[in-house]
Amino acid sequence: MQRVFITGASSGLGAALARHYAQQGAALGLLARRRELLEQLRASLPHPERHRVYAADVMRHDLLAAAAADFLAGGGVDIVIANAGISHGTLTELDEDLSVFERIFATNVTATVATFTPFIGALKQQAAAGRLARLVGIASVAGIRGLPGAGAYSASKAAVMSYCESLRVELRASGIRVVTIAPGYIDTPMTEKNAYPMPFLMPAERFARSAAKAIARGTSYTVIPWQMGIVAKLLRLLPNTLYDFLFSRAPHKARSTQ
């Protein structure tokens, strides 16, 4: 039986991944801030008695470490998915948005590190025994190029990509596979706030199935859906002058105060 630990598990991508792995017979560790949503999710899953819930903010690294220790004590871990993330529009010119920048980086970047840290020792032992060992970082296509009005979110997801790449190389000899998944537009409560067109919008359940396949293969980096992968590559190839002209008038993500 696989054992999977997921942060940001109470809704959106995290809940979709939880449902997918539970349907495959896995035992889950589900961490998020809202206990009532976690309990509702656990009750809806096959074999709810297998799953543990942890009500904690990922910015509380002590609580993350305690949750990891409790889950490991129940039988180890095969897959750790650092999925927790927040997204708000930000404008550097506004003093009040500085705290939003800090909160986005603390949640999207630093908490990814804090999620992985307490599991690496156990995963090294597991990989040495020839068993599955995966660390999964959830990035975003928004991290491939900076989007106007989304400086904090784009920069945080670019940081997740670079961090996971560094960690992948760092842990290569250990046998732990570090997987970076960059979602495009997935139908979740987070994207429901976007008041602009979202090409190739994908249901969360389909995303979870595709993500699980990439995780099982140990794919180093993948964009889901694949169509957004092509778009992302094209955007990366655009010269700065052309990119700036095309995207300077792009719609902005709503700020947290809006």
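Each reported figure results from applying straightforward, stated rules to the coordinates on display, with no laboratory input. Note that the coordinates shown come from a computational prediction; the quantities given were computed from them, not determined experimentally. Every residue, glycine among them, receives a Cβ derived from its backbone with ideal geometry; neighbour counts consider all protein chains shown.
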- Message: Please compute the contact order of the chain in relative form: average sequence separation of alpha-carbon pairs under 8 Å and at least six residues apart, divided by the residue count, as a percent.
- Response: 19 percent
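Would you tally the net charge around Arg131, using a Cβ to Cβ cut-off of less than 13 Å, leaving Arg131 out, and scoring K and R as +1, D and E as -1?
On the way: positive: Arg3, Lys124, Arg134, Arg177; negative: Asp78.
It works out to a net charge of +3.
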- Message: Test of understanding: ordering Ser248, Ser174 by Cβ neighbours within 10 Å, fewest first, what list do you get?
- Response: Ser248, Ser174
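Quick one: net charge around Val179, please, counting Lys, Arg +1 and Asp, Glu -1 for every other residue with C-beta under 10 Å from its C-beta. Mind showing how you got there, number by number?
Values: positive: Arg134, Arg168, Arg177, Arg217; negative: none.
Here the count lands on +4.
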- Under 5 Å between amide H atoms, partner at least 5 residues away or on a different chain: which partners does Thr90 have, H built in plane at 1.01 Å? Ala150, Gly151, Ala152
- Note on the structure: Quick note, region 1-114: a/c under 1.5 would make it rounded; otherwise a/b > b/c is prolate and the rest oblate (a ≥ b ≥ c, C-alpha gyration tensor); here it is prolate
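Find me the longest stretch of the chain that has none of the exposed trypsin sites (Lys or Arg not before Pro), where exposed means in a DSSP loop (not H, G, I, E or B) with at most 14 other Cβ atoms within 10 Å. Write out the running numbers ahead of the final one.
Numbers: sites that count: Arg34, Arg60, Arg131, Arg249.
With a cap of 14 other Cβ atoms within 10 Å, the longest stretch comes to 132-248.
Arg172 to Gln40: extension gain in nm, 0.36 nm per residue of separation minus the Cα-Cα distance? Working shown, then result.
Values: separation 132, 0.36 × 132 = 47.52 nm, distance 3.78 nm.
That pair, Arg172 and Gln40, stretches by 43.7 nm at full extension.
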- Those GluC sites (Glu not before Pro) in region 55-102 that DSSP places in a loop and that have at most 15 other beta carbons within 10 Å: Glu93
- Task: Among Thr241, Thr180, Thr115, rank each residue by its count of other Cβ atoms within 10 Å, from fewest to most, as a rough exposure measure.
- Result: Thr241, Thr180, Thr115
- Task: Quick one: which residues, 5+ away or cross-chain, put their amide H under 5 Å from the amide H of Asp187? H built at 1.01 Å from N.
- Result: Met202, Ala204
- Enumerate by residue number the chymotrypsin sites (Phe, Trp or Tyr not before Pro) in region 50-108 meeting two conditions: DSSP loop (anything except H, G, I, E, B), and at most 15 other Cβ atoms within 10 Å of the site's Cβ. none
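Taking neighbour Cβ counts within 10 Å as the exposure measure, how do Asp97, Asp187 sort from fewest upward? Walk me through the numbers on the way to the answer.
Values: Asp97 20, Asp187 17.
The order, fewest Cβ neighbours first, is Asp187, Asp97.
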- Label-point separation, Arg145 to Ser99 (7 Å along Cα→Cβ), nm: 3.4 nm
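Given the rule -39500 (n - 2.57) for each run of at least 4 DSSP H residues, summed and divided by the residues of the chain, what is its mean residue ellipticity at 222 nm, to the nearest 500 deg cm²/dmol? Each step should come with its number before you reach the end.
Values: 10 runs with 112 residues, N = 258.
It comes out at -13000 deg cm²/dmol, rounded to the nearest 500.
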